[in-house]
Amino acid sequence: MKWIGALLLIGTATLAGFEWSNRLTKRPKHIRQLKSALQILEAEIIYSQAALFDAFLSVSKKIPNPLRGFFASLGKEMQGETVDFFTVWEAQVETLLKKSSMHETEKEILKQFGRTLGQHDITQQQKHIQLTIVNLDRVLEEAIDHDRKYGKLAKSLGVLSGVFVVLLLI
C-alpha cells in the first residue's frame with residue numbers, strides 16, 4: 001500500500017512539473033498568436049476601415065483559440081447596445097489570461113492598448129498597434145528565454161520533488 005501511495009505521489013508531482021513546463025512552452029506561442037491577431041486587426045482597421053466590432057469578429061475567424069474566443073467575445077459584446085469599451089476590453093483581457101498561458105506583463109500591454117483603441121484616427125491607431133507589437137516582441141524574447149531556462153528545470157523539479165517527499169515520508 002505504501003508503494004502505491006509513493007508512486008501516486010511521485011506521479012502527481014511529476015505531472016505538476018510537466019504542467020508548469022507546458023505553460024512555459026505555451027506562453028511564447030500565445031504571444032505570437034496575439035501579435036498575429038493585432039496585425040490582422042491593423043489591416044482590418046486601416047484597409048477595410050471596418051467598425052471595431054466587425055474587425056474583432058473578422059480577426060476571430062482567422063486565429064486559433066484562446067485568442068479566437070477573446071476577439072469573438074469582444075465583437076459580440078460590442079454589437080448590441082452602447083457599452084463602455086474599456087470595461088468590456090478589461091473584462092475580456094482578464095478572461096483571456098485565465099484561459100491562456102500569458103502573464104501580467106501581457107495583461108498590462110493589452111490594457112494599455114485597450115485604452116487607445118478606437119480613440120484616434122486611423123494613422124494614430126496604426127501607430128498604437130505598432131507600438132503594442134513592439135512591446136509584445138520584447139516580452140516574447142523574455143518568454144522564450146524563460147522557457148529555455150526553466151522548461152527542463154520544471155520537469156526535473158517535479159520528479160525530484162515527488163521522490164524527495166516520498167523519501168521523507170518513508
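The values are calculated or read from the model by the stated rules, or taken from the named source; none is laboratory data. Small disclaimer: the values here were computed from a predicted structure and weren't measured. Neighbour counts are summed over all protein chains in view; Cβ atoms, including those assigned to glycine, are modelled from backbone coordinates with ideal geometry. Each accessible area value is taken on the protein alone, full model and side chains, heavy atoms only, with ligands, DNA and RNA left out. Shrake-Rupley method; radii C 1.70, N 1.55, O 1.52, S 1.80 Å.
Give, in nm to one decimal, the length gained when the segment between Lys111 and Thr95 is fully stretched (0.36 nm per residue of separation minus the Cα-Cα distance).
The Lys111-Thr95 span can extend by a further 4.5 nm.
Give the calculated FRET efficiency between Lys76 and Glu142 to the nearest 0.05, with a Förster radius of 45 Å applied to their Cβ-Cβ distance.
The formula returns an efficiency of 0.85 here.
Using 0.36 nm per residue of separation minus the Cα-Cα distance, give me the extension gain between His120 and Thr87 in nm, one decimal. List each step's numbers first, then the result.
On the way: separation 33, 0.36 × 33 = 11.88 nm, distance 1.80 nm.
Once the chain is fully extended between His120 and Thr87, it gains 10.1 nm.
For segment 28-170, would you read off the P(r) tail past 18 Å as a percentage of all alpha carbon pairs?
61 percent
Is segment 37-86 best put as rounded, prolate or oblate by its Cα gyration tensor, with a ≥ b ≥ c the root eigenvalues, rounded for a/c under 1.5, and otherwise prolate when a/b is larger than b/c, oblate when not?
It is oblate, given that a/c is not under 1.5 and a/b is not larger than b/c.
Ranked from highest to lowest mean number of other Cβ atoms within 10 Å per residue, what is the order of the peptides 138-149, 51-62?
Top to bottom by mean Cβ count within 10 Å: 51-62, 138-149.
Within straight cross-link reach of Lys61, meaning Cα distance under 26 Å, which lysines are found once same-chain residues fewer than 8 apart are removed?
Lys26, Lys29, Lys35, Lys76, Lys98, Lys99, Lys107, Lys111, Lys127
Using only alpha carbons, build the gyration tensor for segment 1-87 and give me the equivalent ellipsoid semi-axes, biggest first, whole Å. Mind dumping the intermediate values first?
Numbers: eigenvalues 352, 47, 14 Å².
Rounded to whole Å, the semi-axes are 42, 15, 9.
Are there any GluC sites (Glu not before Pro) in segment 79-134 that are in a DSSP loop and have at most 16 other Cβ atoms within 10 Å? List them by number.
Here the GluC sites (Glu not before Pro) that fit, given the DSSP loop and packing criteria, are Glu81.
In whole percent, and with a 1.4 Å probe on the protein chains, what portion of the accessible area of the chain is carbon and sulfur?
58 percent
So what is the 222 nm mean residue ellipticity for the chain from helices alone, if each DSSP H run of at least 4 adds -39500 (n - 2.57) and you divide by all residues, rounding to the nearest 500 deg cm²/dmol?
Here the helix-only value at 222 nm equals -29000 deg cm²/dmol.
Return one number: the angle in degrees, 0 to 90 and rounded to the nearest 10, between the long axis of the Cα atoms of helix 67-79 and the longest principal axis of the Cα atoms of the chain.
40 degrees
For segment 99-152, take every pair of Cα atoms, bin their distances at 10 Å starting from 0, and report each bin as a whole percent.
22, 45, 23, 9, 1
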